[in-house]
1. The stretch 119-227: which trypsin sites (Lys or Arg not before Pro) are DSSP loop and have at most 15 other beta-carbon atoms within 10 angstrom?
2. List the pairs from Lys34/Lys284; Lys130/Lys269; Lys34/Lys258 whose alpha-carbon separation is above 19 Å, in the order I gave them.
3. At 1.4 Å probe size, with the rest of the protein present, what percent of the exposed accessible area of the chain is carbon and sulfur atoms?
4. Per residue, how many Å² of accessible area does the stretch 1-140 show with a 1.4 Å probe?
5. Looking at the stretch 35-92, which GluC sites (Glu not before Pro) are in a loop (DSSP not H, G, I, E or B) and have at most 12 other Cβ atoms within 10 Å?
6. At a probe size of 1.4 Å, how large is the accessible area of Ser228, to the nearest 10 Å²?
7. Using only the alpha carbons of the stretch 190-282, determine the length spanned along each of the three principal axes and report them from longest to shortest in whole angstroms.
8. Leaving ligands and nucleic acids out of the surface, order His274, His122, His212 by accessible area at 1.4 Å, largest first.
Amino acid sequence: PARGGAPVHLSLDLTVQAASEEVLHAGMTLLNAKGAASVLMDVHTGEVISVVSLPDFDPNDRPRPPTEGNPSDSPLFNRAVQGVYELGSTFKIFAAVQAMDLGLVNPGTQIDTAPPMKIGGHSIGEFQKKNYGTLSVEEIIIKSSNRGTGKLALQIGPKRQQAFLKDLGLFDAPPVEIVEARQAKPLLPARWTDLSAVTISYGHGISTTPLHLATAYAAIANGGHAVSPTLLRQPEPRLGPRIMSAASARAAQTMLRKVVTEGTASMGKVPGYHVAGKTGSADKPK
């Protein structure tokens with residue numbers, strides 16, 4: 001009501017939305033995946049430029065809501081803002097940037113990632129049982145070392161880790177103007193132990209939406225400020241409180257760039273763009 005008769009300007013770009021749907025569908029088909037999601041956000045305003053959840057549906061022929069089975073099997077289920085997932089190694093950059101911001105390490109600090117590593121009676125392993133030996137913090141991100149980020153998390157400690165992830169917006173339902181997003185409260189451990197801190201540093205033991213992840217990465221990409229996702233067009237930058245130093249954010253950006261040029265995300269290279277990013281995977285329950 002306070003807006004009176006002013007028209008609503010959305011942040012969505014229909015051309016980008018159509019292109020995102022097309023490319024994401026091709027990737028989903030290539031990998032024979034059950035579903036896929038993508039979010040494109042302006043990191044300075046929180047504006048959502050495109051948001052895709054596949055499989056989707058024709059709004060002129062809307063399917064009936066499911067009455068049995070898994071709700072996420074329905075095309076009505078919005079994987080981008082409603083589905084919560086263990087987002088795996090995409091979380092590793094949060095441990096690295098926080099450890100740098102606290103002054104515990106710098107990008108060149110050497111960390112011993114050789115086995116064994118046991119926390120609370122559990123062994124921490126690497127993808128395909130690799131042994132990376134001693135790595136710099138930057139190399140931990142480039143090679144995606146579980147033990148490396150786990151050791152960073154132990155230096156940070158569970159309480160400081162919780163506070164930082166909360167500042168990134170990873171504890172609450174995303175405040176975006178999509179009805180189903182209100183149901184997407186992240187799944188957090190009942191007790192945040194040292195083991196929780198270690199597994200959460202590589203994205204296991206915490207479940208969030210792809211939109212949460214995009215919002216948290218926006219804080220790194222914009223130089224260290226929290227942002228709030230929105231579908232409403234913003235006339236100017238809308239940065240929230242600073243949650244990491246500009247220097248730490250820049251160092252994290254460099255690491256994410258090297259993941260694409262030297263590390264696990266080589267498929268993300270696009271001519272003409274300086275793409276930065278991080279791969280991640282999760283264990284399927286079945």
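The values are calculated or read from the model by the stated rules, or taken from the named source; none is laboratory data. Source: prediction; values computed, not measured. Positions of Cβ are generated from backbone atoms using ideal geometry, with glycine treated the same way; all protein chains shown enter the neighbour counts. Please note that ligands, DNA and RNA were not included when accessible areas were found on the heavy atoms of the full protein model with its side chains. Shrake-Rupley method; radii C 1.70, N 1.55, O 1.52, S 1.80 Å.
1. Lys130, Arg191
2. Violating the 19 Å limit, Cα to Cα: Lys130/Lys269; Lys34/Lys258.
3. Looking at the chain in its full context, I get 55 percent from C and S.
4. Value returned for the stretch 1-140: 58 Å² of accessible area per residue.
5. Glu68
6. Using a 1.4 Å probe on the heavy atoms, I get roughly 50 Å².
7. 42, 32, 27
8. His274, His122, His212
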